[in-house]
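So the structure is just underneath, and the comments pick up after that.
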Amino acid sequence: MTTYRDAVDYIENIPKFAKKHVLEHTKEFLRALGNPEKGQKVIHVAGTNGKGSVCAYLQAMLMAEGKRVGVFTSPHLVKINERICVNTEPVDDGTFLEAFCRVKDTVDEMGGAGFAHPSYFEFLFGMGMVVFQKSKPDYIILETGLGGRLDATNAVESPVLTVITSISLDHTQYLGNTVSAIAAEKAGIIKAGVPLVFDGTNIEASNVLKKHVEMKGGRCREITNHAFEIREISNKHIAFSRVNAYDDNIVWELSNCGIYQAVNASVAIAAMEQITDMPADKARYERWRRALAGVSWGGRMEEVLPGVYLDGAHNPGAITAFCDSVLALNEEERGCLEGRKRQEALPVILFSAVRDKEYETMIAELCRRIQAKAYVVTEVEDERKVPAEELARIFQSYTKQPVLEKEEFCQAWEAAIAAKEDLGKVYCLGSLYLAGMVKKQVRGCGREGGGRC
């Protein structure tokens, strides 16, 4: 009898014998599953950074409207079930296993007819759609895995809305070496007659997206840096107002200190206005405001222990956004500190990365913009890991501050915690694998623990 552990082991081994397929293969896969996407209200979300946050904000506001919401997202930080959620809750092990068995039986039948095995992401996408078909959500939010045009989620042909978040350089070996090329791949989710809401803070990407909308004969709404104004930022939250005729007197608060979340939340609010036939009335905006204030999105400037923050920044664009947030916080907090206390307030950076990321560019940006007390480098639990020795060498070429090389994560974690001053912070970033390792570590020691392994 197949167990939940058997299912997870099978899925985790898929990359060893399957590759990504063309969209027609995924469409055939969905047909074999009985087209579970048909008749569903799908919101399709693509982008380089901010996809997960926008999905979380959309889910919260839809739930505030009394809607049942399914979300398919990636990657997971700790447990694979996190990728398939209904009303913020990851599916339980029994539901996960039931969906696995149905998809596995379908895949076996397709294999007998000569069809290739779905990839890791495609298999999980099929499972997500099977779960949603049974749970009957009012809306399904689909986050692309890679790119957009060729992503498995793009097999869904009739979404009610498309959303494209911040675009910057990432996965360049697959998507192209320029922002314009990557934007063109993300624009592949744009459908004729389906409205688009997008992050227009990058002019190069914005121009590409608008051209694709024009070619499709659709309509779009662009959210730029001029669409909102930061009112306050602290360790615990950020507050902003939107610059428009509908709700300029509303102060929106997010329980997150990432300055980049203001644009992500603004994109999500604009998306809701499209879904609900904008503008919303005052009561509806108030429901959304309360919903956004209650969102806790893991791995995005998340305080996992007192003074210890986890950020999933793992590409140059996300590192730049992280630096913007830290500098904004420093301006608020350190302005009144002098002498030795300013030194004690310097942060410690815990960093790791994988091979297919532009990690030297990320390191250079960190060292150039963040004055740190020390950098601690380690290795993630993945075959693509960058050796700690190599990371240390690169950091040392960009900074004169101490660089601590710890191959074992447990030692790196303890070194970072030990180096932290009372007034300082520890920031963990560089890889989503590292984010998952930190999450497991914190769960192991407890939020009140001293951080020792």
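The values are calculated or read from the model by the stated rules, or taken from the named source; none is laboratory data. This is a predicted model, so every value here is computed, not measured. Here the Cβ positions follow ideal geometry from the backbone for every residue, glycine too, while neighbour counts run over all protein chains shown. SASA here: full protein model, heavy atoms, side chains in, ligands and nucleic acids out. Shrake-Rupley method; radii C 1.70, N 1.55, O 1.52, S 1.80 Å.
Among the residues of segment 380-397, not a single one is in contact (Cβ under 8 Å) with a residue 60 or more places away in the chain, within 26 Å of the chain's Cα centre (by Cα) and open to solvent by 80 Å² or more (accessible area, probe 1.4 Å).
When segment 27-56 is filtered for residues that are more than 11 Å from the chain's Cα centre (by Cα) and of a type in the set (Lys, Arg), the ones remaining, listed by number, are LYS27, ARG31, LYS38, LYS41. Number of residues in segment 205-233 that are out of contact with any Phe, Trp or Tyr (no Cβ under 7 Å at 6 or more places or on another chain) and open to solvent by 60 Å² or more (accessible area, probe 1.4 Å) equals 11.
Just one of the numbered conditions (1) assigned to a helix (DSSP H, G or I); (2) at pLDDT 90 or above is not true of ARG443: (2). Taking the conditions (1) in contact with a strand residue (DSSP E or B) (Cβ under 8 Å, 6 or more places away or on another chain); (2) open to solvent by 10 Å² or more (accessible area, probe 1.4 Å); (3) under 25 Å from VAL348 (Cα atoms) in turn, PRO306 satisfies each one other than (1).
With the structure loaded, tell me whether ASN202 is open to solvent by less than 30 Å² (accessible area, probe 1.4 Å), within 29 Å of VAL354 (Cα to Cα), in contact (Cβ under 8 Å) with a residue 24 or more places away in the chain and of a type in the set (S, T, N, Q) or whether it fails that test. Considered against the rule, which asks whether it is open to solvent by less than 30 Å² (accessible area, probe 1.4 Å), within 29 Å of VAL354 (Cα to Cα), in contact (Cβ under 8 Å) with a residue 24 or more places away in the chain and of a type in the set (S, T, N, Q), ASN202 comes out as no.
Being free of Cβ contacts under 8 Å to residues at least 24 places away in the same chain and within 23 Å of the chain's Cα centre (by Cα) is a property that PRO75 lacks.
Being open to solvent by less than 20 Å² (accessible area, probe 1.4 Å) and hydrophobic (A, V, I, L, M, F, W, C) is a property that holds for VAL194. Being open to solvent by 50 Å² or more (accessible area, probe 1.4 Å), more than 30 Å from ILE203 (Cα to Cα) and not small (Gly, Ala, Ser) holds for only one residue in LYS79, LYS104, and it is LYS79. Listed by first and then second residue, the pairs with beta-carbon distance under 8 Å, at least 6 apart or on different chains, first residue in segment 109-122 and outside any helix (DSSP H, G or I), second of a type in the set (D, E, K, R) and open to solvent by 70 Å² or more (accessible area, probe 1.4 Å), are ALA116/LYS19; SER119/LYS19; SER119/LYS20. Within segment 234-279, being modelled with pLDDT under 80, surrounded by 19 or more Cβ atoms within 10 Å (Cβ to Cβ) and of a type in the set (Gly, Ala, Ser) holds for one residue alone: GLY258. PRO75 satisfies every condition listed in (1) closer than 30 Å to ARG289 by Cα; (2) outside any loop (DSSP other than H, G, I, E, B) except (2). Of the candidates ARG287, ARG242, the single residue that is of a type outside the set (Asp, Glu) and touching a strand residue (DSSP E or B) at 6+ places or on another chain (Cβ under 9 Å) is ARG242.
With respect to the conditions (1) within 21 Å of PRO306 (Cβ to Cβ); (2) out of contact with any Gly (no Cβ under 9 Å at 6 or more places or on another chain); (3) at pLDDT 95 or above, GLU389 lacks only one, and its number is (1).
Taken over segment 100-124, the residue count meeting the criterion of being farther than 12 Å from ILE11 by Cα and of a type outside the set (Lys, Arg) is 12. Looking only at residues that are assigned to a helix (DSSP H, G or I) and open to solvent by 20 Å² or more (accessible area, probe 1.4 Å) in segment 32-58, which one is nearest to GLU222 (Cα to Cα)? Per the stated criteria, the residue is LYS51.
Residues that are open to solvent by less than 40 Å² (accessible area, probe 1.4 Å) and either hydrophobic (A, V, I, L, M, F, W, C) or at positive phi (or both): does segment 86-95 have at least one? Yes: one or more hits.
Among the residues of segment 3-29, those identified as of a type outside the set (Val, Ile, Thr), within 23 Å of ILE164 (Cβ to Cβ) and not in a loop (DSSP other than H, G, I, E, B) are LEU23, LYS27.
Selection of segment 188-206 for residues being within 18 Å of the chain's Cα centre (by Cα) and among the charged types (D, E, K, R) yields only ASP199. The set of residues in segment 118-144 that are under 22 Å from GLU185 (Cβ atoms), touching a Ser or Thr at 6+ places or on another chain (Cβ under 8 Å) and open to solvent by less than 30 Å² (accessible area, probe 1.4 Å) comprises PRO118, GLU122, LEU124, PHE125, ILE141, LEU142, GLU143, THR144.
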